[in-house]
Amino acid sequence: MTVQALDSVVFGKRLRHLRRRAGLTLAALGEKVGSSASYLSQLENGHREPRLSTVNQLAGALGCTPAELLSAAAPSRRAELEVSLARLQEDPLYRSLRLPYLKPSPRLDGAALEHIITLFARVRELTDGSGRAAGQHTSLTGALGARAANAAMREEMRRRDNYFEEIEKIATGALDAVGHTGPGSVSERHLSEAAAHFGFTVARVQGLPASTRSITDTAARVIYVPQRNATGGTRSSRSVIAQTLGHFALGHSEPADFETYVRQRVEANYFAGALLAPERSVVRVLAEAKRNHDISVDDLGEMFYISYEMAAHRLTNLITRHFGIPVHFQRSDHEGRLWKAYENDGVLLPADVDGTIEGQRLCRWWSSRQAFESEDSYELHYQHTETVTGTFWCVTHIDLDRDRGDAITIGTVEEMAHWFRGSDTARRAVSRCPDPSCCRRPSAEAVARWDGLAWPSARDHSGFVSGLPTDTVVFSAHPGVDLIDVYAFLDRRRDLG
C-alpha cells in the first residue's frame with residue numbers, strides 16, 4: 001500500500017533532513033533498509049511515493065518514529081519555501097505567465113524565495129475573481145503570522161510535555177496566599193480572594209460587549225465579567241475570571257504581534273487550569289485513579305468543578321510530567337475539522353506543510369468523528385484505533401456549547417490505555433490515513449454507480465486558518481474585539497460609579 005495522500009515532495013524533504021541528521025549517505029541508508037541508493041534518491045526528490053512498509057523500515061534505520069517521517073510539516077523553513085515554490089509553479093495562474101521553471105538551487109537564497117512566494121500569493125489574491133478591492137482582502141501577512149505562531153506554540157508545548165512549571169508555581173503561590181490547600185475544588189470565596197491577592201476586584205455585570213469574555217479597568221483594578229446566566233453557568237464564569245486574572249498574574253503587557261498574543265492566550269488558559277485544579281490536588285487524584293486503573297477526565301471535571309475541556313487540558317499538563325504517560329488532545333467539530341490539538345504520544349495529526357493543523361480534517365474512523373455516529377453521541381465514546389503510526393486508545397466527549405457540538409478527545413498509546421477508565425471497550429477501528437483510500441476517496445463501486453450522475457451543492461464553510469481573526473493589515477493587540485463597544489461600556493461603568 002502506497003502513502004498517496006502525503007505530498008511526496010514534503011516526504012522527500014523530511015527523509016533527506018532525517019538522513020543527514022543521522023549522518024548517513026544514501027548508500028548507507030540503502031544497505032540498512034534493503035533498497036538501492038537510486039530509489040532513495042527518487043524518494044528524496046519527490047519523484048516516487050513511499051510504501052508504508054518502506055516508511056517503517058526507514059524510520060527504524062533513521063532512529064525516528066514513523067509519525068516524524070510522515071508529518072506533513074516541512075522540516076525547516078528553507079524546505080517549506082522550496083515546497084511552496086514547487087506548488088505555486090503548478091498553479092494554473094502561474095503557468096499562464098509562461099515563465100520558465102525555477103529550480104530552488106542552493107544559489108537561490110532564502111530571502112529571494114520568500115519574496116517570490118509572497119509576491120505570487122499577493123498576485124493570486126488580487127486576481128481571485130471576487131471583485132473586491134485590494135484593501136478588502138485578508139491580510140496575507142496576518143494569516144501567515146497567526147498560522148506560524150500557533151504551530152510554534154504547539155511545538156513548544158510538545159517539547160515541554162505541556163507542563164509549564166513557572167506558571168504552576170505562581171498559581172500555587174496564589175492559592176497558598178488565600179489559604180486553599182485542597183483537596184477539594186477552589187471555592188468562589190477563594191477565587192475572589194485570589195483576585196484580591198493580585199490587586200483586583202471582580203464585578204458581574206449585564207451588557208458586556210458580545211465580542212468580549214471580560215473587560216478589565218486597569219486603572220480602577222476591576223475585572224468585569226458577565227452574569228452567570230450569560231456565560232453558560234458557574235463553571236464557565238469561574239473559567240473566565242481565572243483566565244482574565246492569568247494575564248495580570250503572569251505580568252502580560254499588551255501584545256505587539258501574533259506570536260506574543262498566542263503565547264499569552266495559552267499561558268492565561270494554563271494559569272486558569274492551575275488555579276482552579278491545583279497541581280498537588282490533581283496529582284493526588286490521578287495517583288489514586290492510576291492505582292485503580294481508573295483515570296478519567298470526567299472525574300477531574302466533577303471534582304474540581306471545571307469544564308470537561310479544562311479537565312482534559314489539565315490531564316495533559318500533569319500526566320506525562322508526574323506519571324510518564326504520553327497523551328494526545330483534540331478538539332474538532334462534527335465534520336472532523338480540528339480546532340485545537342496537542343500530542344506527545346506519536347499520534348499523526350493532519351497538518352499543512354507549514355505545520356498548521358487548524359482546519360485540517362481528521363480521519364473518519366477516529367474516535368473524534370465516530371462519536372457523532374454512535375447510538376448515543378452524548379455518552380462518552382471509548383475506542384481503540386489502529387493507525388499507520390501505532391494503535392491508540394481514545395475517549396471522546398461531545399461538548400454542546402457550540403452549534404452541533406464539538407468533540408473533545410483525550411487518548412494515549414494502547415500500551416498505556418489500561419490505566420484509564422474505558423480501556424476495556426470492545427470498540428475498535430482501523431485508520432489507514434493518510435492513504436486516501438481510507439476515508440477521503442469514494443470506493444470504486446460508488447464511483448462506478450454515481451460518477452457523472454451526482455451534483456452536490458456544498459454548504460458554505462467559514463474559512464479559518466487559526467483561532468485568531470486575520471482580517472486586518474496589521475496586527476491588533478485585541479483581535480476580534482470591537483473597541484468602540486468596549487470603551488462605551490467602560491464609560492457607562494465610570495458614569496455609574
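The values are calculated or read from the model by the stated rules, or taken from the named source; none is laboratory data. The shown structure was predicted, so the numbers you read here are calculated from the model rather than taken from an experiment. Glycine also receives a Cβ, built like all others from the backbone with ideal geometry; neighbour counts cover every protein chain displayed.
Report yes if residue 43 is touching a Phe, Trp or Tyr at 6+ places or on another chain (Cβ under 8 Å) and within 16 Å of residue 351 (Cβ to Cβ), otherwise no. It is false that residue 43 is touching a Phe, Trp or Tyr at 6+ places or on another chain (Cβ under 8 Å) and within 16 Å of residue 351 (Cβ to Cβ). Taking the criterion of being within 17 Å of residue 218 (Cβ to Cβ) and in a loop (DSSP other than H, G, I, E, B), the residues of region 239-256 that qualify are 250, 251, 252, 253, 254, 255. From the list 5, 72, the one residue that fits, being assigned to a loop (DSSP other than H, G, I, E, B), in contact with a helix residue (DSSP H, G or I) (Cβ under 8 Å, 6 or more places away or on another chain) and either of a type in the set (Ser, Thr, Tyr) or at pLDDT below 90 (or both), is 72.
Mind listing whichever residues of region 301-317 are surrounded by 23 or more Cβ atoms within 10 Å (Cβ to Cβ) and over 27 Å from residue 359 (Cβ atoms)? Residues satisfying the conditions are 304, 306. Residues satisfying the criterion are present in region 35-49 (criterion: buried (at least 18 other Cβ atoms within 10 Å of the Cβ), of a type in the set (Asp, Glu) and within 26 Å of residue 85 (Cβ to Cβ)).
Filtering region 22-36 to residues that are touching a residue at least 12 places away in the same chain (Cβ under 8 Å) and in a helix (DSSP H, G or I) leaves 26, 29, 32, 33.
Looking only at region 402-446, count how many residues are hydrophobic (A, V, I, L, M, F, W, C) and out of contact with any helix residue (DSSP H, G or I) (no Cβ under 8 Å at 6 or more places or on another chain). Before the answer, list the steps.
Within region 402-446, the first condition is being hydrophobic (A, V, I, L, M, F, W, C), and the residues that meet it are 407-408, 410, 413, 416-417, 419-420, 426, 429-430, 433, 438-439, 444, 446.
Checking the rest, the ones that are also out of contact with any helix residue (DSSP H, G or I) (no Cβ under 8 Å at 6 or more places or on another chain) come to 413, 416-417, 420, 426, 430, 433, 438-439, 444, 446.
Total satisfying the criteria: 11.
What helices (runs of 4 or more DSSP H) lie completely within region 257-373 and have 1 or more residues being outside the structural domain of residue 67 (by TED's automatic domain parsing) and under 17 Å from residue 162 (Cα atoms)?
On the way: elements: 258-276, 279-291, 297-304, 308-323, 367-370.
Fully inside region 257-373 and qualifying: 258-276, 279-291, 297-304, 308-323.
Being part of a helix (DSSP H, G or I), of a type in the set (D, E, K, R) and loosely packed, with under 13 Cβ neighbours inside 10 Å is true for just one of 95, 87. Which residue is that? Show your work before the answer.
Numbers: 87 fails: loosely packed, with under 13 Cβ neighbours inside 10 Å.
Selected residue: 95, the only one of 95, 87 that is part of a helix (DSSP H, G or I), of a type in the set (D, E, K, R) and loosely packed, with under 13 Cβ neighbours inside 10 Å.
Within region 98-142, the set of residues being part of a loop (DSSP other than H, G, I, E, B), within 32 Å of the chain's Cα centre (by Cα) and at pLDDT 75 or above comprises 104, 109.
Being touching a Leu at 6+ places or on another chain (Cβ under 6 Å) and farther than 25 Å from residue 22 by Cα holds for only one residue in 94, 101, and it is 94.
Restrict the check to region 232-245 and report whether at least one residue is without any contact (Cβ under 8 Å) to a residue 40 or more places away in the chain and among the basic types (Lys, Arg).
Initially, region 232-245 is screened for residues without any contact (Cβ under 8 Å) to a residue 40 or more places away in the chain, giving 233, 237, 240, 243-244.
With among the basic types (Lys, Arg) added as a condition, the list becomes none.
Checking region 232-245: not a single residue is without any contact (Cβ under 8 Å) to a residue 40 or more places away in the chain and among the basic types (Lys, Arg).
Confirm whether residue 67 is at negative phi, crowded, with 17+ Cβ neighbours inside 10 Å, touching a strand residue (DSSP E or B) at 6+ places or on another chain (Cβ under 9 Å) and not assigned by TED's automatic domain parsing to the domain that holds residue 104. For residue 67, the condition - at negative phi, crowded, with 17+ Cβ neighbours inside 10 Å, touching a strand residue (DSSP E or B) at 6+ places or on another chain (Cβ under 9 Å) and not assigned by TED's automatic domain parsing to the domain that holds residue 104 - is met. Looking at region 86-96, can you tell me whether even one residue there is under 26 Å from residue 338 (Cα atoms), among the aliphatic types (A, V, I, L, M) and modelled with pLDDT of 80 or more? Yes: one or more hits.
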